[in-house]
Amino acid sequence: METENKENKEQKEGAPKEEPLKDQLLRVRADFENTKKRLERDKLDAIKFANERLLAEILPVVDNFDRAMTSLTEGHEPEKVREGLKIAQGELHQILEQHGVEVIRCVGQTFDPRLHEAVAVAEDSKAKDGTVVAEIQKGYLLNGRLIRPSRVKIAQKKQEQ
């Protein structure tokens, strides 16, 4: 009986000490869950608006293309419009380069299936077999990673009969 009283007494004495710890644990869990939700929201926002700066830099170039198109319909000199388009194209390439985009140089190179997509073959007695002789569509890398292969025409030796 004495042992039971001791155990009951210890449980009663321990209970008040446990309550603040339980409350504290619940608060820490709630804080953790809130932080987790906030981080997930921040991550989604970062993904959603990741290209904002790039797009803000491209918009003036889009404006230049729009002005060039308007100039064409208003009858301005085609050569002046062509110059304006060439400037806008240069601006666009410069912005892409600043953001890690680079053009794949391919003409005269040996065909590389990691960087090139062969879309045509040309019989050529001068070029080495498998050499890229023409670029059909430019390919691009983003910080060294392929984002679009170059579409190319490759040389093939003429078959002698």
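Some observations on this one:
- Taken along the Cα-to-beta-carbon direction at a fixed 7 Å, the label points for GLN89 and LYS126 span 2.4 nm.
- Using Cβ point charges alone (K and R +1, D and E -1), the dipole size of the chain about the Cα centre works out to roughly 480 debye.
- Between segment 109-161 and segment 26-84, the alpha-carbon center distance in angstrom: 34
- Report summary: the helix-based calculation at 222 nm, which adds -39500 (n - 2.57) for every DSSP H run with n ≥ 4 and divides by the residues of the chain, gives -20000 deg cm²/dmol.
- With the highest mean first, a sort of the peptides 20-31, 130-141 on other beta-carbon atoms found within 10 angstrom per residue produces 130-141, 20-31.
- Gyration tensor (Cα) of segment 102-156, equivalent ellipsoid semi-axes in angstrom: 21, 9, 8
- Residue among GLU79, GLU57, GLU19 with the largest mean-square fluctuation in a Gaussian network model of the chain, springs linking Cα atoms under 10 Å: GLU19
- Surrounding net charge for ASP66, when Lys and Arg each add one and Asp and Glu each subtract one, Cβ distance under 14 Å: -2
Throughout, read-outs are computed from the coordinates displayed, never taken from laboratory work. Fair warning: this is a prediction, and the values are worked out from it, not measured in the lab. Using ideal geometry, Cβ is built from the backbone for each residue, glycine included, and neighbour counts are taken over all protein chains shown.
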